[in-house]
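S.K.: Before I ask anything, here is the structure I am working with.
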Amino acid sequence: MRTIALLLVGCLFTSCATVTRGRDETITVDSNPPGANATIVCANNVSATGTTPARLTIPRTAQLCRVDVEKNGMQTQKIQLQRGVNGRFWTNFAFAAGIPIGAILAFGGNDSQGAAGAAIAVGAVVFGIGGFIVDHATGAMYDHDPNVIKVTLQPQQ
């Protein structure tokens, strides 16, 4: 019984995108030729800059982001980033809905097992709903696409 409870608690913590992924995201930018200036500019004055090959970090909450890759004598490349919801955020549903049902069924053999299953089910619901709230508040539920950018710069005409 104790092993199952510890396993469920471990699963609960791995489902939360905030715990497994964090608030920031790294965007990898590479260019041919290398040595170009890469800049991410987003709404609300969020920005990051580096020289290719570069690993630029921005908050997952950043919106309306664009990557500019420029080098003297070459045409500037502009790539728009789209922000979407990461799949790990949806794993909170497993705890908010699926695991409670499974726990009640698995532990419903007698009164004490049923009570333990119900307690685990309630805990799973609380952690699942908590995961939704925390992931949304921290922005860990978001990803930017593309998060790996490779461009070939063309000479200016």
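The values are calculated or read from the model by the stated rules, or taken from the named source; none is laboratory data. For clarity, every value in this text was computed on a predicted model and none was experimentally measured. Positions of Cβ are generated from backbone atoms using ideal geometry, with glycine treated the same way; all protein chains shown enter the neighbour counts.
S.K.: Give the range 59-77 a look and list any residue that's basic (Lys, Arg), farther than 13 Å from residue 37 by Cβ and either touching a Pro at 6+ places or on another chain (Cβ under 9 Å) or free of Cβ contacts under 8 Å to residues at least 60 places away in the same chain (or both), or say none. Steps first, answer last, please.
M.R.: We begin by selecting, within the range 59-77, every residue basic (Lys, Arg); these are 60, 66, 71.
Filter again for farther than 13 Å from residue 37 by Cβ, leaving 60, 66.
Residue satisfying the conditions is 66 alone.
S.K.: What is the residue count in the range 27-46 for residues that are surrounded by 13 or more Cβ atoms within 10 Å (Cβ to Cβ) and either within 17 Å of the chain's Cα centre (by Cα) or not hydrophobic (A, V, I, L, M, F, W, C) (or both)? Walk me through how you get there before you give the answer.
M.R.: Narrowing the range 27-46 to residues surrounded by 13 or more Cβ atoms within 10 Å (Cβ to Cβ): 27-31, 36-42, 46.
From what is left, the residues that are either within 17 Å of the chain's Cα centre (by Cα) or not hydrophobic (A, V, I, L, M, F, W, C) (or both) are 27-28, 30-31, 37, 39.
Residues meeting the conditions: 6.
S.K.: Another question, if that's okay. Looking at residue 69 and the list (1) in a loop (DSSP other than H, G, I, E, B); (2) modelled with pLDDT of 70 or more, which single condition is not satisfied?
M.R.: Every condition holds for residue 69 apart from (1).
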